[in-house]
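No value in this document is a laboratory result; all are computed from the given coordinates. These numbers were taken from a predicted model, which means no experiment stands behind them. When we count neighbours, we look across all protein chains shown, and the Cβ atoms used for this are built from the backbone with ideal geometry, even at glycine.
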Amino acid sequence: MFIGSTQAAQLMGISVRRIRQLLSGGRIKGAFKVGRSWIIPLVEGMPQVSEGTRGPKASWRRKKPSPVTIIHVNQQTIRQNQKQEKPAPVISVKRGQSNTYGHEVEIHGPCRVVYRRDNPKPCGARVWIETLFGVKVISDISHTES
């Protein structure tokens, strides 16, 4: 998976300026520039930073891990919406103990789609999307209807 410099700074718990210093010094392994943006590969969820020649040994620590956001579509609600005049939200966004429902979701960063045929979620979902980044849930569908 690849991320940008801002997302790398969030993952490593350092400033964006420090990430840019590391990038310009060639210390982040596998990073390359596309136009004005840096593309940084992740290895085991973190950018690989080579050691510097001076100063104390770096101790990059990920910030306290935030709970993974899990997004899935409820098929039963889709079936029920065919019989109803006003459709209920079918997308479920779970982060920690909270659960939010909506008609649209915007994911602000990298994510992955997971399929577990033999190990579904407690709600019964076998396919879902996971992300560590922010998610915007849109529950009003009036602007999407023609």
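Gain on full extension, evaluated as 0.36 nm per residue between I138 and R112 minus their Cα-Cα distance, stands at 7.3 nm. With a Cα cut-off of under 23 Å and a minimum spacing of 8 residues unless on different chains, the lysine pairs in the stretch 69-138 number 4. Taking the fewest neighbouring Cβ atoms within 10 Å as the starting point, the ordered list for E51, E85 is E85, E51.
Here each label is just a point 7 Å from Cα along the line to Cβ, and for V43 and V68 those points are 2.2 nm apart. When I39, I70 are sorted by how many other C-beta atoms sit within 10 angstrom of their C-beta, beginning with the fewest, the order is I39, I70.
Counting neighbouring beta carbons within 10 Å and listing from fewest to most, the residues M1, M12, M46 come out as M1, M46, M12.
With a Förster radius of 22 Å applied to the C-beta separation of T100 and R126, the computed FRET efficiency comes to 0.60.
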